[in-house]
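Quick notes on the structure that follows.
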């Protein structure tokens, strides 16, 4: 996933530079913005017997084109992004009877990490306010499509009745995840540092084929370009 993030970020920076050479500068608006969200996910409606960590690190990179409404402080923006979410818990993802579920790791097993990772290509839309004092406010919506996922376990091999050696087990065999996601977004801040939030309306797993939980993402946005 990281290589896709870096490739998109590099492409967006290049396009921003090329575009800025061909567009007349406006006093208060940039035609093209790129940025990165760094956030944590708070999972809602999780299985009762599974504990998810409070800090679930994730990030987005995105590029958006601004359509200014005349000479006002308002604009509409549309773009493209990549989003990566990590959900850390005390359980493993398992599957049976055409459904996916979480199985709690026994207390006797020594482990450092167990997570589910999901990655999306997103289409973000925003209505923006940017004042002459550089205050920013954006209300929006984004929809995305799942393009990769995996689980990762790091700990003692006793998980599968093996030795005491530490192993890293990674699997892409995670079924019954919803293919699409969507929900409203909020961004507010000053200059290139902003607070961001995303409320995912859609569930992570398909109905009756996985836990009907969903994330709320809260963090900061860096928009230097």
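In this label model, residue 208 and residue 139 are separated by 3.7 nm, measuring between points 7 Å along each Cα→Cβ vector.
Rank the residues 205, 102, 147 as a footprinting-exposure proxy: fewest other Cβ atoms within 10 Å of their Cβ go first. Before the final figure, lay out each step's value.
Values: 205 19, 102 22, 147 13.
Ascending number of Cβ neighbours within 10 Å: 147, 205, 102.
Would the stretch 98-147 count as rounded, prolate or oblate if I go by the C-alpha gyration tensor, calling it rounded below 1.5 in a/c and otherwise prolate when a/b exceeds b/c, oblate otherwise?
Values: a/c = 4.72, a/b = 2.31, b/c = 2.04.
Taking the square roots of the gyration eigenvalues as a ≥ b ≥ c, the stretch 98-147 is prolate.
Just so you know, the Rg over Rh for the stretch 30-100 is 1.21, from Cα atoms, with Rh as the Kirkwood radius. Under the simplified labelling scheme, the residue 218-residue 73 pair shows an inter-label distance of 2.7 nm, with each label point 7 Å from Cα along Cα→Cβ. Sorted fewest first by neighbouring Cβ atoms within 10 angstrom, 82, 186, 204 come out as 186, 82, 204.
Taking the number of other C-beta atoms within 10 Å as the exposure measure, put 36, 64 in order starting with the fewest. The partial results should precede the final answer.
Values: 36 17, 64 25.
Taking fewest neighbouring Cβ atoms as first place, the list is 36, 64.
Decide, for the stretch 32-177, between rounded, prolate and oblate: order the square roots of the alpha carbon gyration tensor eigenvalues as a ≥ b ≥ c, take rounded if a/c falls under 1.5, and otherwise choose prolate if a/b is larger than b/c, else oblate.
Details: a/c = 3.08, a/b = 2.73, b/c = 1.13.
Prolate, since a/c reaches 1.5 and a/b exceeds b/c.
Just so you know, all these numbers are worked out from the coordinates, no wet-lab data involved. All figures in this text were calculated on a predicted structure; none of them were measured in a lab. Please note: Cβ atoms are built from the backbone with ideal geometry, for glycine as well, and neighbour counts cover all protein chains shown.
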